Amino acid sequence: MNPTRILPDLQCSLLCEEIRQEVNGNFFLIGVINFIRVPQLPVVAFRLCVFNRWAAGIGQFTETVRLIAPDQTTVLRKGDVKFALKDAALSATNVTLLQQVEFKVAGTYYVEVLVDDVMKLRYPIAVIHTPQQQQGGQAQPPAQDKPSA
């Protein structure tokens, strides 16, 4: 008996700055993101990319990628991609572009990856506000001890 549909496994999901594809079909990921450190908020990310690889499935599927705000209910961006796996030995690679994403507050945001409305992975991305040091102000000389008389 041959199965007609097997929900695929999510082999990997990575948030990065850019994804390119070589002539031979291989992908290379630029700037894999562990966290986002910014000098001021709000800030707009021109483009974020989510790289997902699916394996061990059979059938036609819809992948959904969502970027969730720290309140864990607000969906900042959502992308859907339809894909098919004809054989369980094959894999499918999907790239979702999240453009003009505004991060209004520091905190933990979440990337959610679903296939046919089944949550496969949810991972945190911290947005850290690190104000820049003031430059241009004159440094105060260190205080000197007065000799005792």
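Within the set of other residues whose C-beta is less than 13 Å from the C-beta of residue 123, count the net charge using Lys and Arg as +1 and Asp and Glu as -1. Before the final figure, lay out each step's value.
Working: positive: 66, 120, 122; negative: 112.
Local charge sum for residue 123: +2.
Assuming R0 = 30 Å, can you tell me the calculated FRET efficiency for the pair residue 32 and residue 4, based on Cβ-Cβ distance, to the nearest 0.05?
Values: r = 36 Å, r/R0 = 1.20.
Working from the Cβ atoms, E equals 0.25.
Put a dot 7 Å past each Cα toward the Cβ at residue 90 and residue 75; how far apart are the dots in nm?
With each label point 7 Å from Cα toward Cβ, the separation is 2.8 nm.
Report relative contact order for the stretch 1-140 in percent, whole number only (criteria: Cα-Cα under 8 Å, sequence separation at least 6). Could you put the intermediate results ahead of the total?
Details: 324 pairs, mean separation 38.2, N = 140.
Value for the stretch 1-140: 27 percent.
List, in order, the whole-Hz ³J(HN,Hα) value for each residue of the stretch 56-65 obtained from phi through the Karplus relation with A = 6.51, B = -1.76, C = 1.60 and θ = phi - 60°; use x for Gly and Pro.
For the stretch 56-65, the Karplus-derived couplings read 6, x, 9, x, 10, 9, 10, 8, 10, 10 Hz, x marking Gly and Pro.
Using a cut-off of 12 Å between beta-carbons, work out the net charge of the residues near residue 77 (Lys and Arg +1, Asp and Glu -1, residue 77 not included).
Neighbourhood net charge equals 0.
Starting at the first residue of the stretch 96-106, write each ³J(HN,Hα) from the Karplus equation 6.51 cos²θ - 1.76 cosθ + 1.60 with θ = phi - 60°, in whole Hz, x for Gly and Pro.
Result, ordered by residue: 10, 9, 10, 9, 6, 7, 9, 9, 8, 9, 6 Hz.
Using a Förster radius of 41 Å, what is the FRET efficiency between residue 134 and residue 82 based on their Cβ-Cβ separation? Nearest 0.05, please. Walk me through the intermediate numbers first.
On the way: r = 51 Å, r/R0 = 1.25.
After rounding, the FRET efficiency stands at 0.20.
Stretch residue 56-residue 16 to full length: gain in nm at 0.36 nm per residue minus the Cα-Cα span?
Numbers: separation 40, 0.36 × 40 = 14.40 nm, distance 2.44 nm.
In short, 12.0 nm is gained.
Here are a few candidate values for mean projected area of the Cα convex hull in nm²: (i) 11.2; (ii) 9.9; (iii) 15.3. Which one was actually calculated from the structure I just gave you?
(iii)
Values quoted throughout were computed directly from the atomic coordinates according to the rules given, and no laboratory measurement underlies them. Quick caveat: nothing in here was measured; it's all calculated off a predicted structure. A quick note on method: Cβ atoms are made from the backbone with ideal geometry, for glycine too, and the neighbour counts reach across all protein chains shown.
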